[in-house]
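Worksheet: one structure, shown below.
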Amino acid sequence: MTTPTSYQADIRPLFTQRDIHAMMKAFDLASYGDVKAHAAVIFDRIRGIGGAVMPPPPPRGEGPWPQSRIDLFGKWMADGCPP
Ligand code: HEM
């Protein structure tokens with residue numbers, strides 16, 4: 001059995017203030033509703049699918065996530081994006 005993920009406990013801490021500020025024009029990474037609504041396209045971009053990989057490499061961002069973080073985001077989606 002695996003523990004179900006949640007936005008508050010698992011996903012929200014993955015986003016830095018810099019990430020949140022940078023992407024605010026498109027969506028609010030600090031908002032459960034926004035991240036849920038855009039989850040599929042966010043999941044693509046953190047894997048470099050559909051455009052430049054997010055977050056961008058330095059100096060513009062902290063660089064691509066390790067696979068373990070990408071897998072965690074994927075599990076959250078597979079769990080049904082719990083709050
Ligand atoms: C659908 C998903 C996403 C799209 C389409 C997207 C698109 C973009 C685009 C077009 C830029 C360049 C903006 C500019 O040059 O002014 C950008 C910058 C950036 N994005 Fe994203 N992004 C996505 C998701 C994310 C996520 C999930 C993160 C963090 C985990 C993130 C972090 C950043 C950061 C840190 C920058 C740098 C802004 C700067 O240059 O100061 N983005 N994004």
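The values are calculated or read from the model by the stated rules, or taken from the named source; none is laboratory data. In this text, all values refer to a predicted model and were calculated from it rather than measured experimentally. FYI the Cβ positions are ideal-geometry reconstructions off the backbone, even for glycines, and counts take in every protein chain you see. In case anyone asks, the SASA skips ligands and DNA or RNA and just uses the protein heavy atoms, side chains included. Shrake-Rupley method; radii C 1.70, N 1.55, O 1.52, S 1.80 Å.
Tell me which of ALA30, PRO58, ALA40 sits at the most positive position along the dipole axis of segment 21-61, charges placed on C-beta atoms (Lys, Arg +1; Asp, Glu -1).
Towards the positive end, the residue furthest out is PRO58.
If the only charges are +1 at each Lys and Arg Cβ and -1 at each Asp and Glu Cβ, what is the size of the charge dipole of the chain around the Cα centre, to the nearest 20 debye?
Dipole magnitude for the chain comes out near 160 debye.
Counting heavy atoms of the protein chains only and a 1.4 Å probe, report the per residue accessible area for the chain as a whole number of Å².
About 60 Å² of surface per residue is accessible.
Tabulate in residue order the Karplus-calculated ³J(HN,Hα) for segment 34-48, using 6.51 cos²θ - 1.76 cosθ + 1.60 with θ = phi - 60°, rounded to whole Hz; enter x for Gly and Pro.
5, 5, 5, 5, 10, 4, 5, 6, 5, 4, 4, 5, 5, 9, x
How many nm is it between the label spots at ILE49 and ALA37, if each spot is 7 Å from the Cα in line with the beta carbon?
Output for this residue pair reads 2.2 nm.
Give me the number: length gained by fully extending SER68 to GLN17, i.e. 0.36 nm times residue separation minus the C-alpha to C-alpha distance, one decimal in nm.
Extra length from SER68 to GLN17 when fully extended: 16.3 nm.
Which shape class, rounded, prolate or oblate, goes with segment 7-78 when its Cα gyration tensor gives a ≥ b ≥ c as root eigenvalues, a/c under 1.5 marks rounded, and past that a/b bigger than b/c marks prolate?
Taking the square roots of the gyration eigenvalues as a ≥ b ≥ c, segment 7-78 is rounded.
What is the distance, in nm, between label points placed 7 Å from the Cα along the Cα-to-Cβ direction at SER6 and at ALA78?
Modelled inter-label distance: 2.1 nm.
Between the helical axis of 67-78 and the dominant principal axis of the chain, each derived from Cα atoms, what acute angle in degrees is found, rounded to the nearest 10?
Orientation of helix 67-78: about 50 degrees from the principal axis.
Tell me, what HN-Hα J-couplings in whole Hz come from the Karplus equation 6.51 cos²θ - 1.76 cosθ + 1.60 at θ = phi - 60° for each residue of segment 50-60, using x for Gly and Pro?
x, x, 4, 5, 10, x, x, x, x, x, 7
Can you tell me the relative contact order of the chain? Whole percent, Cα pairs under 8 Å, sequence separation 6 or more.
Averaging sequence separation for qualifying contacts and normalising by length gives 36 percent for the chain.
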